[in-house]
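Here, each number is a calculation from the coordinates, and none is a lab measurement. Just so it is clear, the model here is predicted, and its values are computed rather than measured. Note: ideal-geometry Cβ built from the backbone for every residue, glycine included; neighbour counts use all protein chains shown.
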Amino acid sequence: MPTYEFEAMDATGQEIRDVIEAQSEEEAQTTIRQMGYFVTRITVKKTKEAAGAGRGGKKKRGFAMGGGGSKVVTSFTRQLSILQDAGLPIVRSLKILEGNAKPGKLKNALQDVVEEIEAGSTLSEGMSKCPKVFNRLYVNMIKAGEAGGALEVILQRLADFMERAEALKRKVKGAMIYPAVVISVAVTILTFIMLKIVPVFTKMFEEFELELPGATLLLVAISEYVVRCWFLIPLIPVALWLFIKLCRKFKHGRMGWDMFILKLPIFGQLVEKNTMARTTRTLGTLVASGVPILEGLQITRDTSGNAVFERLYSRVADAIREGEPIAKPMKKYSTLGFHPGALFFWAFAGSLPGMFVVGLTPMMASMLFTGAYMAFGGAVLCSLVYMAKMKARVVDDLVVNMVDVGEETGELDTMLYKVADTYDDEVKTLTDSLTQLMEPIIIVFLGGAVGFIVISLFLPLVEMIKGLS
């Protein structure tokens, strides 16, 4: 008699994990329901012999470097929904799409899913064996569609959801490409000037024994610093990126960084609204697909990608288990609060300009105390800014009121969709505004940098010409 592993929820919403023996999956589900549990996941527990036989019978898969990205999976979902709407059997549909897929993770995953289905598993069970391609959200929506007998409807809804998310992601990435490219080119040009042009003028000034003004001394110090430590220009961004990645490996470091990002000027609003749009659309899609609200909150939490929202949805789920509605805990637990990690990142960001000035002290010893005062003052100022922002909420009254109305009218999924649409529009508007704002800022920065270099170099030349005349 086969053994089934299952996950279920009891009447209080507590998650139960256990095993049960039954002749078939239907009999196992019936037995579990008679025990007073609501089944959320059930799979056959394979023995070592069966697992070994399964591994031996599988086809050899090609090496896959890519092919499992969100864009590829989105396209696959839309094509699968069309084939299912046309009435093709699921195995036939998967084989058609597997044959058309390029070599990669998706192609290998479809081969595994087809083998699992032919061995007696359901589509959701087969996809759950490929978590690198089909995430938990995807699998649970497919499972809800199978349970409700509306797989083609769920696939269409899932494809719409993924296409909206992909379009929003492309919009945000597209807005970041322009300033990133311009800043990279500007830094490259300025570095070349510091390495090749300024040293020539510096040598000429030394030969004429000119008394240099303060702006020229600063430019010469920066140039000499760049000549000595040019490798730090690419190394510092990489080191900061690795440091942040390391901090995010730890629970408190990840929470502190996400709190810091959410309240940055302009960019923080973009991250906050983008995350809110994605999570509300995820939850609305799960609720509309028939996934239980507690399971939907857990999936939304796991796919939010932000520690602040993960904490929020965890607390909302705990409050629902105690009998509260969604809106009340969503408002109560949406405050950021104090976190030492966030305070550290704010203070560190504020001290960076002063630390740069301190780095120039080998060439200009007089800048040591100035840089130290700048670093300390910047750290204190940014810490005060954080103290002022730590009581801010990540869920505003609009979301709370619409969720409350959705619960009262039984149209929670519709209201969550409306919230997501509202925030999608705000993200698009904010992205366009950010792009338009970055252009004059970059122009002013480049103009100021070039103007400073030109003035610093020509002031001694003017004095030299006067002396010669």
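Residues whose amide H lies under 5 Å from that of Tyr4, counting only those 5 or more places away or on a different chain, are Ile20, Glu21, Ala22, Lys45; hydrogens are built 1.01 Å from N in the peptide plane. Computing Rg and the Kirkwood Rh from the Cα coordinates of the range 119-244 gives a ratio, Rg/Rh, of 1.40.
Segment Asp318..Ser24, full-extension length gain: 102.5 nm, with 0.36 nm per residue of separation and the alpha-carbon distance subtracted.
Using the Cβ-Cβ distance between Met464 and Phe192 with R0 = 25 Å, the FRET efficiency computed as 1/(1 + (r/R0)^6) comes to roughly 0.50. Shown here for the range 109-210: trypsin sites (Lys or Arg not before Pro) in loop regions (DSSP other than H, G, I, E, B) with at most 14 other Cβ atoms within 10 Å, namely Lys132. Annotation: amide H-H contacts under 5 Å for Thr40 (H modelled 1.01 Å from N, sequence separation of 5 or more, or interchain): Glu7, Ala8, Met9. Which longest uninterrupted range of the chain lacks any GluC sites (Glu not before Pro) assigned by DSSP to a loop state (not H, G, I, E or B) and surrounded by at most 12 other Cβ atoms within 10 Å? Counting only loop sites that pass the neighbour cut-off, the longest clear stretch is 1-208.
Entry note, the range 106-195: relative contact order of 14 percent, from Cα contacts under 8 Å with a spacing of 6+ residues. The value of relative contact order for the chain, using C-alpha pairs under 8 Å at least six residues apart, is 14 percent.
Were the residues from Glu209 through Thr31 laid out at 0.36 nm apart, the gain over their Cα-Cα distance would be 54.5 nm.
Computed from the alpha carbon positions, the gyration tensor of the range 70-134 leads to an equivalent ellipsoid with semi-axes of 16, 15, 10 Å, biggest first.
Every helix of 4 or more DSSP H residues in the chain counts as -39500 (n - 2.57), and over all residues that averages to -24500 deg cm²/dmol at 222 nm. For the chain, the residue among Ala165, Ala327, Leu297 whose Cα projects farthest onto the positive side of the dipole built from Cβ charges is Ala165. Within the chain, the proportion of Cα pairs with more than 45 Å between them is 31 percent. Of all lysines in the structure, those lying under 26 Å Cα to Cα from Lys428, and not within fewer than 8 positions of it along the same chain, are Lys71, Lys169, Lys171, Lys173, Lys263, Lys273, Lys331, Lys389, Lys418. Exposure here means at most 10 other Cβ atoms within 10 Å; with chymotrypsin sites (Phe, Trp or Tyr not before Pro) in a DSSP loop as sites, the longest stretch of the chain lacking them is 232-469. For the range 376-469, the set of trypsin sites (Lys or Arg not before Pro) satisfying both a DSSP loop assignment and a count of at most 12 other C-beta atoms within 10 Å is given as Lys391.
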